[in-house]
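Inspection log for the structure reproduced underneath, given as structure tokens.
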Amino acid sequence: MKRSFFIRRFCFRNKMLFILLLVEIVSIGVAYPRICNTMNQPDSAYIFSYATSKNNNRNGLHFAWSLDRKNWHPIGPEYSYLRCDYGRWGAEKRMISPFLILAPDGLWHCVWSVNERDGVLAHATSSDLVHWRRQSYPIVIKDKNCLEPEISYDDQAKLFKINWLSVSADKDTLIYSSATKDFKSFAPTTPSLLTRNFNKRVCAIVSGMPEEGTIHKTSWETIDCLIKKSKLAAYENILKGENTKEDPERFAALKGVNASITIDATKSKPISDMLIGAFFEDINYAADGGLYAELIQNRDFEYALSDKEGQDPRWNSYYAWSLIGNGASFVVDTINPIHPNNPHYAILDIQKVGAGLVNTGFDGIAIKSGEGYNFSIFARMLSGKKGSLRVRLIGKKGEHYGEALIKSVSSTWKKYKATIIAKEDISDARLEIIPLSVGRIALDMISLFPKKTFHNRQNGLRADLAQAIADIHPRFVRFPGGCVAHGDGIGNIYRWKNTVGALESRKPQRNLWGYHQTVGLGYFEYFQFCEDIGATALPVIAAGVPCQNSATGGAGQQGGIPMCDMDSYVQDILDLIEYANGDKSTKWGKLRAQSGHPKPFNLKYIGIGNEDLITDIFEERFTLIFNTIKEKHPEITVIGTVGPTYEGTDYDEGWAIATKLKVPMVDEHYYQSPGWFIHNQDYYDKYDRSKSKVYLGEYAAHLPGRPNNLETALAEALYLTAVERNGDVVSMASYAPLLAKEKHTQWNPDLIYFNNTEVKPTVGYYVQQMYGCNAGNEYLSNQVVLSNNDESVRLRVGVSVVRDEKSSDIIIKLVNMLPVKVSTQLNLEGSASLMQSMAKRTVLTAESPSDKLVTPVSDSCDINNKIQLSPYSFTIIRLNTKKQ
Ligand code: AHR
């Protein structure tokens, strides 16, 4: 009772707000000033800018307004107009003591302190206080902090003067000064003589709390825009929050909907034939322990404490390895390794034959009876005579499931191979290595692969997982990330050259998701996988800057690869193009050929950057990379980046760079609620077709609790109808992330969950697959008329009609996100004479939108009859139009 009252009130409030906002929102921005102002509004008022210490100072810049400088009205309240992007994700990204001025250039300049540690002055500008331009974080003082920064403009000198406090370790406080014209170069920092003039901040009581900040008199128009922005954001949050739990109330009066869909097959526009792809990132153990079929964990003894930032003392070179039996010891050494990139190896000292080393695999080793497993090892005898090794698959209690013998291990590093045939189906076997003579032996790169990998590749991929990806029919595969591509700090940027060539010479590294990358699944394997599944390779390379949320080697993205090293970084990218496309006579083409692929991989796309913070540092590096590739390889489509979400500073700034440089395509990312996807189906309808095309590189619908269920899947399916409609501007799209290993999941939801023996596609997976298997290259004009035209109803019925020229099929996608049936009449114009009335129908639906175990079901249907779309369903009708 209470709940329904609340929801009715909520819906009522929702409608009222909407009506009010419709009137008000149009006046946001300068385009339509004052159209709805009343005559008795002031021309100007006071604005107070401040930040609170709440949420560890991470809430950013707030405003309050006043007519008399005494009574302050918080806007929002505490709506955040500008948030700091300095430092690592989580505890950092703090805005402390912001200070605002309006400079003669007509821009508001805000400076603030980022923490109690760094001598960094954070700075950003805005022309209207609502939209903020890119941030910069110049270091104004070395080895000291920069607290309570203040700026003023010296009109005579045409300079910004800056003062701040620095507190030394022994708590001495000094005021320092500097000056700048542009916040890029700064006059030398000096201790300030202006001690008495320091602290121009004032105190104001906002919502009963004393806050420190700055006061300015400004036009009412400016304040009005701030107020409207916060109201709009509040309204958008209500829309975003809409979910199916409220549907019984929202649609209490709705009994059913009739839809009439008229398709005019004579009117069409070409759309991308590359729309559905796969996003692969080594997150959630997607690579090692996942898609990469290696069964031995820490095969190279390269796990390091630093992989997990020292937080797990067990995570070191010994991880997953232990001794078995008595009379043996084992240490890890680094003298005279197989390869300098792979410096650690094990020394096993056997005093009594029978003892040895055991590896537990990734949560055990799953084996299948009768199947072969390729074992390999690098070994050298350090003492004792040429020995042999017995290699065995064993159970927890020592049961034997298959074995092999390695003979005559020499005193220099050599690779040995053997095959083990498994005797039983076991999900958690281990691998045991027993030297058959006493003495010391060095061991490294201890590896076990199933013979049956995907496409039977050496150093290949887990067949069932790879097949699940292939079954989506992705037109492209993006790799190696995501954040893994730009890395945690400059040193962690993913360098393709470290991931090719002989496995023992590859350079493993820490994975920013808190584990280890052997890079056994490297660039060669990625290219080969793409080829095996008929997908275009889409490598994404860091734009010379690490992840904006980096914690290592600096704070956030700050720094970037020094410009003096950028030429060689750019050359690495050119070398990648040569590796993929060059013939055997080229240096890098030859390496590819030596790895077993003489023919080029036919690389067409390269992504530069991954949802980076768009700063001057980024722009300088991105521009250099982009211009060089464009000049040397005009045949390659470069994909730029426009930040981590669908709006905001990085989005605006990223798009501005893309437009300025004429970047052919940009990579957009957004993880949003189902409500956002429902209410933003017109997102691309308004995109300028003359600018860059879009690669929607990461997206997913997220609900609290992070399930991948029918509700999130249908929100994605619904949104994809709009993406197909805009397939002339959106060229590619990939759900993210793709894979997640149970018990090792850092990110939810994902598309495919798995463990060592099972692959568990989600409902969202089937949406991707249904789109992937039913793509077209032409969008057909269609009109949808519903018996109920309420916006809440209209937005929950999605229709897309495409034609696939290869099969001549017309494919109709119908999404019903309503809790009632939609009875649909299809009317096909233009191709009626070619039409068969029987069509293939595939439906994804379940009892409840919260259901997770849902799979599509196919049958045939007569499209001359009414087609019933079940509540909460996604239907695809595939109609062959070839003349019989
Ligand atoms: O898909 C998971 C992560 O989300 C990606 O690594 C990153 O690009 C985004 O923030």
Requested in this report: Looking at (1) outside any loop (DSSP other than H, G, I, E, B); (2) basic (Lys, Arg); (3) at pLDDT below 95, find the lone condition where Lys883 falls short.
Outcome: (1)
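Looking only at the stretch 716-730, decide whether some residue is farther than 27 Å from Met274 by Cβ and in contact (Cβ under 8 Å) with a residue 60 or more places away in the chain. Break it down stepwise before answering.
Looking only at the stretch 716-730, we keep the residues that are farther than 27 Å from Met274 by Cβ, and these are none.
No, the stretch 716-730 contains no residue that is farther than 27 Å from Met274 by Cβ and in contact (Cβ under 8 Å) with a residue 60 or more places away in the chain.
Answer yes or no as to whether Gln769 is in a strand (DSSP E or B) and surrounded by fewer than 24 Cβ atoms within 10 Å (Cβ to Cβ). Walk me through it before giving the result.
On the way: in a strand (DSSP E or B): no; surrounded by fewer than 24 Cβ atoms within 10 Å (Cβ to Cβ): yes.
Taking the combined requirement at face value, the residue does not satisfy it.
Looking for something surrounded by fewer than 21 Cβ atoms within 10 Å (Cβ to Cβ) and at pLDDT 95 or above - is there at least one such residue anywhere in the stretch 602-610? Reasoning before the result, please.
To start, the set of residues in the stretch 602-610 that are surrounded by fewer than 21 Cβ atoms within 10 Å (Cβ to Cβ) comprises 602, 604.
Next cut, at pLDDT 95 or above only: 602, 604.
Yes, the conditions are met somewhere in the stretch 602-610.
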Requested in this report: For the stretch 440-451, state whether one or more residues are closer than 30 Å to Ile335 by Cα and among the hydroxyl-bearing types (Ser, Thr, Tyr).
Outcome: yes
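Look at Ile446 and say whether it is β-branched (Val, Ile, Thr) and either within 28 Å of Tyr569 (Cα to Cα) or assigned to a strand (DSSP E or B) (or both).
yes
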Query raised in the report: Does the stretch 510-521 contain any residue that is open to solvent by 30 Å² or more (accessible area, probe 1.4 Å), of a type in the set (A, V, I, L, M, F, W, C) and outside any helix (DSSP H, G or I)?
Result: yes
Requested in this report: Being surrounded by 15 or more Cβ atoms within 10 Å (Cβ to Cβ) and under 23 Å from Phe524 (Cα atoms) is the filter; apply it to the stretch 622-635 and report the residue that is farthest from the ligand (Cβ to nearest atom).
Outcome: His633
Query raised in the report: Is there a residue in the stretch 682-703 that is out of contact with any strand residue (DSSP E or B) (no Cβ under 6 Å at 6 or more places or on another chain), of a type outside the set (A, V, I, L, M, F, W, C) and under 23 Å from Cys483 (Cα atoms)?
Result: no
Query - Pair list, Cβ < 6 Å and 6+ apart or interchain, from the stretch 483-505 residues that are free of Cβ contacts under 8 Å to residues at least 40 places away in the same chain and open to solvent by less than 10 Å² (accessible area, probe 1.4 Å) to residues that are within 11 Å of the ligand (Cβ to nearest atom) and of a type outside the set (Ser, Thr, Tyr) - result: none
Report summary line: Selection from the stretch 652-676 of residues more than 18 Å from Val540 (Cβ to Cβ) and within 14 Å of the ligand (Cβ to nearest atom) yields Gln672
Requested in this report: Return a yes/no flag: does the stretch 721-731 have any residue that is open to solvent by 10 Å² or more (accessible area, probe 1.4 Å), out of contact with any helix residue (DSSP H, G or I) (no Cβ under 6 Å at 6 or more places or on another chain) and of a type in the set (A, V, I, L, M).
Outcome: no
Report summary line: The one condition Trp747 fails out of (1) more than 16 Å from the ligand (Cβ to nearest atom); (2) open to solvent by 10 Å² or more (accessible area, probe 1.4 Å) is (1)
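Give the stretch 205-221 a look and list any residue that's open to solvent by 30 Å² or more (accessible area, probe 1.4 Å) and outside any strand (DSSP E or B), or say none. Step through it out loud before you land on a result.
The first filter runs over the stretch 205-221 and keeps only residues open to solvent by 30 Å² or more (accessible area, probe 1.4 Å), leaving 205, 207-210, 212, 215-217, 219, 221.
Correct list: Ser207, Gly208, Glu221.
For the stretch 276-321, how many residues meet the condition of being within 18 Å of the chain's Cα centre (by Cα) and either closer than 27 Å to Pro450 by Cα or open to solvent by 10 Å² or more (accessible area, probe 1.4 Å) (or both)? Before you say what the answer is, go through the steps one by one.
Kept after step one, since they are within 18 Å of the chain's Cα centre (by Cα), are these residues of the stretch 276-321: 276-287.
Narrowing the set further to residues that are either closer than 27 Å to Pro450 by Cα or open to solvent by 10 Å² or more (accessible area, probe 1.4 Å) (or both) leaves 278-287.
So the count comes out to 10.
Please work out if Lys417 is out of contact with any helix residue (DSSP H, G or I) (no Cβ under 8 Å at 6 or more places or on another chain) and within 25 Å of Asp349 (Cβ to Cβ).
Values: out of contact with any helix residue (DSSP H, G or I) (no Cβ under 8 Å at 6 or more places or on another chain): yes; within 25 Å of Asp349 (Cβ to Cβ): yes.
Considered against the rule, which asks whether it is out of contact with any helix residue (DSSP H, G or I) (no Cβ under 8 Å at 6 or more places or on another chain) and within 25 Å of Asp349 (Cβ to Cβ), Lys417 comes out as yes.
Starting from residues that are closer than 19 Å to Ala701 by Cβ and among the hydrophobic types (A, V, I, L, M, F, W, C), keep the ones in the stretch 750-772 and report whichever is nearest to the ligand (Cβ to nearest atom).
At the first step, the residues of the stretch 750-772 found to be closer than 19 Å to Ala701 by Cβ are 750-753, 760-772.
Still in the list and also among the hydrophobic types (A, V, I, L, M, F, W, C): 751-752, 763, 767, 770.
On the way: Leu751: 10, Ile752: 13, Val763: 18, Val767: 17, Met770: 22 Å.
That would be Leu751.
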Query raised in the report: Out of the residues in the stretch 818-834 that are buried (at least 17 other Cβ atoms within 10 Å of the Cβ), under 20 Å from Asn880 (Cβ atoms) and not hydroxyl-bearing (Ser, Thr, Tyr), which is modelled with the lowest pLDDT?
Result: Leu828
Requested in this report: Spot the failing condition for Ala733; the list is (1) within 16 Å of the ligand (Cβ to nearest atom); (2) in a loop (DSSP other than H, G, I, E, B); (3) of a type outside the set (Ser, Thr, Tyr), and only one is missed.
Outcome: (2)
Query raised in the report: Taking the stretch 483-508 as the search range and keeping residues that are touching a strand residue (DSSP E or B) at 6+ places or on another chain (Cβ under 7 Å) and within 16 Å of the ligand (Cβ to nearest atom), which one is nearest to Asp282 (Cα to Cα)?
Result: Val484
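If you scan the stretch 158-172, which residues turn out to be at pLDDT 90 or above and open to solvent by 50 Å² or more (accessible area, probe 1.4 Å)?
Step one: list which residues in the stretch 158-172 are at pLDDT 90 or above, which gives 158-166.
Answer for the stretch 158-172, where residues must be at pLDDT 90 or above and open to solvent by 50 Å² or more (accessible area, probe 1.4 Å): Lys158, Lys161.
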Query raised in the report: Can you name the number of the only condition in (1) over 41 Å from the mean Cα position of the chain (by Cα); (2) among the β-branched types (Val, Ile, Thr); (3) surrounded by fewer than 18 Cβ atoms within 10 Å (Cβ to Cβ); (4) closer than 22 Å to Tyr50 by Cβ that Ile175 fails?
Result: (3)
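Within 22 Å of Asn326 (Cβ to Cβ) and either touching a His at 6+ places or on another chain (Cβ under 9 Å) or of a type in the set (Phe, Trp, Tyr) (or both) - does that describe any residue in the stretch 350-357? Reasoning before the result, please.
We begin by selecting, within the stretch 350-357, every residue within 22 Å of Asn326 (Cβ to Cβ); these are 350-357.
Subset that is either touching a His at 6+ places or on another chain (Cβ under 9 Å) or of a type in the set (Phe, Trp, Tyr) (or both): none.
Scanning the stretch 350-357, I find no residue that is within 22 Å of Asn326 (Cβ to Cβ) and either touching a His at 6+ places or on another chain (Cβ under 9 Å) or of a type in the set (Phe, Trp, Tyr) (or both), so the answer is no.
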Report task. Among the candidates Ile296, Ile263, single out the residue that is hydrophobic (A, V, I, L, M, F, W, C), part of a strand (DSSP E or B) and out of contact with any helix residue (DSSP H, G or I) (no Cβ under 7 Å at 6 or more places or on another chain). Result -> Ile263
Query - Leading residue by the ranking (surrounded by the most Cβ atoms within 10 Å (Cβ to Cβ)) among those in the stretch 454-482 that are within 12 Å of the ligand (Cβ to nearest atom) and assigned to a strand (DSSP E or B) - result: Arg478
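So that you can scan it fast, the table gives a plain yes or no per residue for (1) within 26 Å of Ser427 (Cα to Cα); (2) more than 16 Å from the ligand (Cβ to nearest atom); (3) touching a residue at least 60 places away in the same chain (Cβ under 8 Å):
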{"residue": "Asp264", "(1), (2), (3)": "no, yes, yes"}
{"residue": "Ile283", "(1), (2), (3)": "yes, no, yes"}
{"residue": "Tyr292", "(1), (2), (3)": "yes, yes, yes"}
{"residue": "Asn298", "(1), (2), (3)": "yes, yes, yes"}
Report task. Answer with yes or no whether Ala740 is within 16 Å of the ligand (Cβ to nearest atom), modelled with pLDDT of 95 or more, surrounded by fewer than 24 Cβ atoms within 10 Å (Cβ to Cβ) and within 15 Å of Tyr765 (Cβ to Cβ). Result -> no
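Which one is nearest to the ligand (Cβ to nearest atom) among residues in the stretch 639-651 that are crowded, with 23+ Cβ neighbours inside 10 Å and of a type outside the set (Ser, Thr, Tyr)? Break it down stepwise before answering.
Filtering the stretch 639-651 for residues crowded, with 23+ Cβ neighbours inside 10 Å gives 639-643, 650.
From what is left, the residues that are of a type outside the set (Ser, Thr, Tyr) are 639-640, 642-643, 650.
Details: Ile639: 13, Gly640: 14, Val642: 12, Gly643: 10, Asp650: 12 Å.
For the stretch 639-651, the residue satisfying everything is Gly643.
Select from the stretch 600-621 the residues that are within 16 Å of the ligand (Cβ to nearest atom) and either touching a strand residue (DSSP E or B) at 6+ places or on another chain (Cβ under 7 Å) or part of a helix (DSSP H, G or I) (or both) and list them in ascending order.
Looking only at the stretch 600-621, we keep the residues that are within 16 Å of the ligand (Cβ to nearest atom), and these are 607-614, 618.
Within the stretch 600-621, Gly607, Ile608, Gly609, Asn610, Glu611, Asp612, Phe618 qualify.
The values are calculated or read from the model by the stated rules, or taken from the named source; none is laboratory data. These numbers come from a predicted model, not from an experiment. Positions of Cβ are generated from backbone atoms using ideal geometry, with glycine treated the same way; all protein chains shown enter the neighbour counts. Ligands, DNA and RNA are excluded from the accessible area calculation, which covers all protein heavy atoms including side chains. Shrake-Rupley method; radii C 1.70, N 1.55, O 1.52, S 1.80 Å.
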